[in-house]
1. Under the rule of at least 5 residues apart or a separate chain, name every residue whose amide H is placed under 5 Å from the amide H of GLY166.
2. What FRET efficiency, computed as 1/(1 + (r/R0)^6) with R0 = 22 Å and r the Cβ-Cβ distance, is obtained for ALA196 and LEU107, rounded to the nearest 0.05?
3. Packing-wise, with mean Cβ within 10 Å as the measure, how do 92-105, 183-196 rank, highest first?
4. Using protein chains only and a probe of 1.4 angstrom, how many square angstrom of ARG61 are accessible, to the nearest 10?
5. Calculated FRET efficiency, HIS207 and ALA186, Cβ-Cβ r, R0 41 Å, to nearest 0.05?
6. What is the set of long-range amide H partners of LEU181 at a cut-off below 5 Å, with H atoms built 1.01 Å from backbone N?
Amino acid sequence: MKIVTTARVAAVVCVLFSLPGCMPPPPATTAVAAPTSGKPRPTETVPERQWCYDGVPYNPRSPEYRGPGPHLATVAALHSGSWLVSTLSPGAPLLPRRWYPAMSDQLDRNRVTLVVCAYLPTPAGTQRTGTCDCADQETKRPRAVDIVPASYSFTVLEARTGRKIGQFTLPGSENHCPRGLLVAGAQNIGQRVGEAAFAAELDPFVHGKR
């Protein structure tokens, strides 16, 4: 999927006082170590979230998805700052801490078994459910951006191969103002998926029951 952007956009930037600056950081890149044996051969440097579209393994050294869990996971949220996308994502729901492969509170890539790709929202209605306080990037005048109903698609991949394990769709249920998200023209923000609903839907994958 390729998002077309334009440099000449009258942008509106969500103002959240806990985060200075306007622009989101550029996509990170992650070096992937080669496995000691077997296939697939990894790409030397994999752009973050590329695996959600291109089938690039997240980490060929990750555990195989087989048998009972828990199989630890990470979430890759697909974002867009393009004015062509009318409904923007407020961010993916967080995983329960017990499913997050951490070592000293840092992500341990070698323990990630599942990658959950969270895609851009699909509008589910136009009725406003809330607003986010924003300021125009050029005029600096205050402006409110609507939060509207939206649904989200999730795809679950095996980290070591990029193999698709399954997918599910959930509706947004929470009003949430994202940080550092560029908003232009008549764009709005989708309601965010609740973390309890997300965990319930993901549980069978984590515990190897699907």
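The values are calculated or read from the model by the stated rules, or taken from the named source; none is laboratory data. Owing to the predicted nature of the structure, the values given are computational and were not obtained by experimental measurement. For neighbour counting, all protein chains shown are included, and Cβ atoms are generated from backbone atoms with ideal geometry for every residue, glycine included. Quick note on the areas: whole protein, heavy atoms, side chains included, nothing else; ligands and nucleic acids left out. Shrake-Rupley method; radii C 1.70, N 1.55, O 1.52, S 1.80 Å.
1. When sequence neighbours closer than 5 places are left aside, the close amide H contacts are VAL156.
2. On the way: r = 23 Å, r/R0 = 1.02.
My answer for the efficiency is 0.45.
3. Numbers: 92-105: 14.5, 183-196: 19.3.
So the peptides 92-105, 183-196, ranked by packing, come out 183-196, 92-105.
4. ARG61 exposes around 130 Å² with every protein chain in place.
5. E between HIS207 and ALA186, to the nearest 0.05, is 0.45.
6. CYS14
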